[in-house]
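Before any comments, here is the structure.
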Amino acid sequence: MLASLVRFHFHDYFVQGCDASVLVNNTATIVSEQQAFPNNNSLRGLDVINKIKTAVESACPNTVSCADILTLAAQASSVLAQCPSWTVPLGRRDSLTANQTLANQNLPAPFDALDKLKSAFVAQGLNTTSGAHTFGRAHCSLFVSRLYNFSNIGSPDPTLNTTYLQQLRKICPNGGPGTNLSNFNPTTPDKFDKNYYSNLQGCND
Ligand code: HEM
């Protein structure tokens with residue numbers, strides 16, 4: 001859940017800034033961002049955000065915005081996962097609307113080429129020193145082709161470490177529903193550390 005709350009904040013921020021537009025539900029005139037391709041069936045943690053909002057409203061009604069709650073939840077999650085803390089300026093205001101089209105446009109896709117990924121970050125004022133996926137999980141459907149039929153060659157991605165390939169195949173069976181989740185980082189899956197990056201280099205050994 002810690003990782004899920006960090007992703008929630010990121011997916012809010014990339015669409016109209018940190019304004020909690022990701023939390024706005026469908027109405028007659030609003031199309032929710034939650035059904036945008038990068039969010040649909042993968043944005044976990046809405047129930048936790050709702051519980052936090054309910055508790056905050058009961059302690060201090062009409063004062064703390066949902067955008068601040070999303071931002072603080074991401075910071076608290078990182079710190080609970082052992083990332084060093086930082087100060088979070090507050091005072092964000094909540095959007096009254098959502099923009100699903102912008103969510104589809106601005107949020108990077110796992111199949112995007114590097115140049116497109118870089119420009120998605122530059123558009124938000126971020127550069128290549130930003131990183132992610134030190135903790136959390138991904139659906140098998142997003143990478144299962146690499147385990148069995150990479151680029152339609154009928155065999156796995158030849159650059160994958162064979163031991164890791166077998167581990168991933170157990171989590172993601174061939175022809176399975178694709179809904180199983182696999183950790184990004186097999187060694188410290190729930191910790192905010194640098195192991196994901198060093199393990200990535202080992203994946204190709
Ligand atoms: C290069 C751009 C990025 C792409 C293409 C990308 C894509 C993805 C995908 C496809 C997933 C798996 C979702 C699922 O299957 O459920 C995911 C998960 C995640 N992403 Fe990203 N992401 C990117 C950047 C970021 C950034 C900048 C952050 C944080 C600031 C982030 C934080 C996370 C976290 C924490 C998870 C795990 C969520 C969970 O376990 O619930 N990602 N991302």
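The values are calculated or read from the model by the stated rules, or taken from the named source; none is laboratory data. Being a predicted model, the structure only gives us computed values, none of them experimental. Every residue, glycine among them, receives a Cβ derived from its backbone with ideal geometry; neighbour counts consider all protein chains shown. Heavy atoms of the whole protein, side chains included, go into the accessibility calculation; ligands, DNA and RNA do not. Shrake-Rupley method; radii C 1.70, N 1.55, O 1.52, S 1.80 Å.
Looking across region 126-141, the residues that are closer than 19 Å to N40 by Cβ and touching a strand residue (DSSP E or B) at 6+ places or on another chain (Cβ under 9 Å) come down to G136, R137, A138, H139, C140. The lone criterion from (1) assigned to a helix (DSSP H, G or I); (2) at pLDDT 95 or above left unmet by Y197 is number (2). Filter region 27-59 for residues that are touching a strand residue (DSSP E or B) at 6+ places or on another chain (Cβ under 9 Å) and open to solvent by 40 Å² or more (accessible area, probe 1.4 Å); which is nearest to A74 (Cα to Cα)? Filtering first and then ranking leaves R44. Whenever a residue of region 106-118 is of a type in the set (D, E, K, R), its partners that are within 6 Å of the ligand (Cβ to nearest atom), lying with C-beta atoms within less than 9 angstrom and at least six residues away or across chains, give the pairs K116/P108; K116/A109. Can you tell me which residues in region 77-117 are buried (at least 16 other Cβ atoms within 10 Å of the Cβ), within 18 Å of the chain's Cα centre (by Cα) and more than 18 Å from A36 (Cα to Cα)? Hits for region 77-117 are S77, S78, A81, C83. Filtering region 133-173 to residues that are open to solvent by less than 70 Å² (accessible area, probe 1.4 Å), at positive phi and away from the ligand (no atom under 16 Å from the Cβ) leaves only G154. Only a single item in (1) away from the ligand (no atom under 16 Å from the Cβ); (2) open to solvent by less than 30 Å² (accessible area, probe 1.4 Å); (3) closer than 17 Å to N106 by Cα is not met by V24, and it is number (3).
Within region 26-43, one or more residues are touching a Phe, Trp or Tyr at 6+ places or on another chain (Cβ under 8 Å), modelled with pLDDT of 95 or more and under 16 Å from R137 (Cβ atoms).
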